[in-house]
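*Asks:* I have a structure I would like to understand better, so I am pasting it below and will then ask my questions one at a time.
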Amino acid sequence: MASKNYALQTAGWSQSDQRAYATFYDQHKSVKFPQGRPWWAVVERSAEGAATPMPVGELQPNGWSAPWYPAPSYMTASVGKAVPGSSLQEHRFRIDYTSMTADRQRAMREYYDRAVLEAIGQGWPAPDYGEAITYRLRAIVGPPPLSPKIPEAAMAEDPWILGFSDQENEELARLLASGVTDILTAAQSEAKVDKVKDLQDQLEATNAMVQKLLARGMEQDAEADANKAKMAKARAGRKPSQTVAI
């Protein structure tokens with residue numbers, strides 16, 4: 001008797017044939033995405049008729065991009081659950097920023113607790129929570145954990161972090177690049193250099209214009225003095241008028 005697996009193989013069955021794509025929408029709506037940002041994922045075909053098919057793999061942005069994407073574990077938690085104000089048939093989900101923020105805050109507190117203990121052990125000043133960690137202390141405790149300010153900004157609908165605007169949020173960009181706000185990103189450093197150069201060029205151009213105006217003013221003064229001298233000489237050279245006595 002042929003096994004079930006053999007029967008499936010002879011029929012040309014493959015697992016990929018049983019999968020399809022579905023679109024899911026998060027809670028971030030905009031003019032471009034009135035339903036929310038769309039994400040695509042692979043789902044089982046057998047679940048296509050279900051109210052909300054569960055993704056087989058990770059959710060991926062569908063036709064948009066952003067400087068930051070939340071971890072998958074915080075994205076799929078609400079898939080298949082009712083979202084207030086919508087129906088399950090809409091394939092909607094909510095990114096769990098509350099849990100993400102709490103997890104990051106806990107990691108940050110643990111990081112600073114460790115940094116304080118290490119600093120005291122080394123006889124160095126202990127940092128306050130949220131304070132910049134010195135280079136020598138960071139060499140021991142490592143870089144800071146992911147900042148809770150990122151999910152807080154996304155929950156507050158920051159347009160740049162959500163991919164709705166090209167206008168960079170400089171503080172968030174620094175947090176994404178290095179985990180701290182006092183270190184410029186490479187792009188920001190380059191932009192700063194370009195800005196300084198532009199200001200220097202503008203200053204040089206202004207100075208050149210001022211010097212040109214001063215030189216022109218001096219020429220005009222010299223020309224005026226020369227005209228005065230010429231007129232004075234002309235007046236001095238005139239002969240006095242003669243009167244005839246009667």
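*Asks:* Which length gain, in nm to one decimal place, applies between Arg235 and Ser178 when the Cα-Cα distance is subtracted from 0.36 nm times their residue separation?
*Replies:* 12.4 nm
*Asks:* I would also like to ask the following. So the label point goes 7 Å from the Cα of Glu157 along Cα→C-beta, right? Which residues of the range 26-43 then have their backbone N under 18 Å from it?
*Replies:* Only 26-38 pass the distance filter.
*Asks:* Full-extension gain between Gln60 and Ala222, please, as 0.36 nm times their residue separation minus the C-alpha to C-alpha distance.
*Replies:* 50.8 nm
*Asks:* Return the FRET efficiency for the residue pair Ser30, Thr98: r is the Cβ-Cβ distance, R0 is 22 Å, and the value is rounded to the nearest 0.05.
*Replies:* Given R0 = 22 Å and the Cβ-Cβ separation, E is 0.55.
*Asks:* Could you give the nm distance between label points at Trp124 and Glu110, where each point is 7 Å from its Cα heading toward the beta carbon?
*Replies:* Each label point lies 7 Å from its Cα, and together they span 2.2 nm.
Every number here is computed from the coordinates shown, using simple stated rules; none is lab data. Keep in mind the model is a prediction, meaning the values are calculated, not measured. Every residue, glycine among them, receives a Cβ derived from its backbone with ideal geometry; neighbour counts consider all protein chains shown.
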